[in-house]
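The structure appears below as structure tokens.
The values are calculated or read from the model by the stated rules, or taken from the named source; none is laboratory data. Just so it is clear, the structure is predicted and the values come from calculations on it, not from any experiment. Here the Cβ positions follow ideal geometry from the backbone for every residue, glycine too, while neighbour counts run over all protein chains shown. Ligands, DNA and RNA are stripped out before the accessible areas are found, and what is left, the full protein with its side chains, is counted by its heavy atoms. Shrake-Rupley method; radii C 1.70, N 1.55, O 1.52, S 1.80 Å.
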Amino acid sequence: LKGFGPNVDGSASFTPGKAAGDIISGKGKSGAGDKAQVGLTPGTYLTAVGWDKDQGTEGSTKRILLGNSSGELYEYALARTNADASSEASDAAADFNDGPILLHKLNSSESVGMTESGASVTGVHFEYLTNPVSSAPNMPLPSSHANNDIIVLAATSGTNHRTRLHTNQSASSGARAINKNDKCFFRGVFAKGEKGSHSSFVELPGSVDYADLKICNDGFAMRTEIGIYYGTIDRGSKGGAAGIKSSVGTAGMGGGSMPGGSGIVDAGMLPYDVCNHQTIVPTSGASGAGMASSMIPVSLALTPHHFITVSATNEMRFVNRVARKVIQRERVDWV
């Protein structure tokens with residue numbers, strides 16, 4: 001595949017340029033003379049994929065998001081090799097014949113202490129938020145008359161890097177409409193100055209190698225150094241100042257709300273000592289304090305009612321999301 005490293009003959013498959021979200025205008029067209037980067041930045045590799053679960057088929061992924069090891073997001077599409085050249089599946093993939101297109105650079109600026117330039121994208125998810133456009137209240141309209149806002153969640157993390165959950169939401173229904181077949185609809189989500197769009201991140205305590213963002217229905221969970229950060233995607237959200245309503249602060253577990261964010265509600269932190277019925281063991285490191293490494297699960301899964309963790313000793317724990325207690329333990333013997 002072009003754009004994922006040198007070609008078979010050794011030639012370059014990378015075209016330098018800017019992030020598409022930085023050069024797109026309010027009308028969805030690139031500025032004069034500006035070109036988007038095509039192909040992964042040399043020396044980086046893929047670390048996360050955000051699939052289109054609504055439109056993806058066996059014949060085509062449709063437009064998807066890719067995250068890489070340097071905190072960049074790309075747009076891409078794949079179609080089966082025998083797809084009809086005139087089909088919609090082939091048309092979507094044809095836009096990426098030369099490789100994935102760079103959309104946005106997360107953690108693009110450096111901060112005091114740990115720099116974010118090398119934090120990997122360790123999870124990415126997007127979905128459509130349909131907002132009917134109607135002049136008469138309570139009157140349903142066909143789907144062709146609906147604007148489709150998009151919300152993108154992306155986790156970034158890495159050893160000696162800050163753990164963050166980024167949210168980007170496209171313009172609300174009162175601004176530029178987003179059509180699922182629009183070739184620029186992802187780029188509009190990350191466009192600077194796009195009227196009605198929102199971009200923010202939540203910084204979580206500590207540093208972890210792989211944040212491991214998981215999604216189940218409206219809920220999400222991600223692995224951090226001190227616990228499981230969780231919340232709910234507000235599908236009725238239109239962005240704005242409401243932000244992320246949370247029970248954890250950026251400096252640790254507290255009772256205040258978390259600033260920033262859009263489209264996320266009921267966010268909080270489940271400490272690992274609650275999951276494991278153990279005591280927090282302070283550790284030294286770039287973050288100053290944290291959990292003993294043996295308490296941090298190596299993997300995380302999410303169901304409508306449970307968090308599921310796997311420890312370094314191959315023990316699975318099922319934690320009830322409401323009771324916030326371990327209700328079952330299972331030892332797994334890997335073959």
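Structure data summary
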{"read-out": "Two-site label geometry, His305 and Thr15: point separation in nm, points 7 Å out along Cα→Cβ", "value": "5.3"}
{"read-out": "Inter-label distance for Ala94 and Lys53, nm, one decimal - labels placed 7 Å from Cα along Cα-to-Cβ", "value": "3.1"}
{"read-out": "Given Lys62/Lys214; Lys2/Lys62; Lys2/Lys35, the pairs whose alpha carbons are separated by over 24 Å", "value": "none"}
{"read-out": "Area of Arg235 that stays accessible when all protein chains are in place (1.4 Å probe, Å², to 10)", "value": "100"}
{"read-out": "Solvent-accessible surface (1.4 angstrom probe) belonging to Tyr210, in square angstrom, nearest 10", "value": "90"}
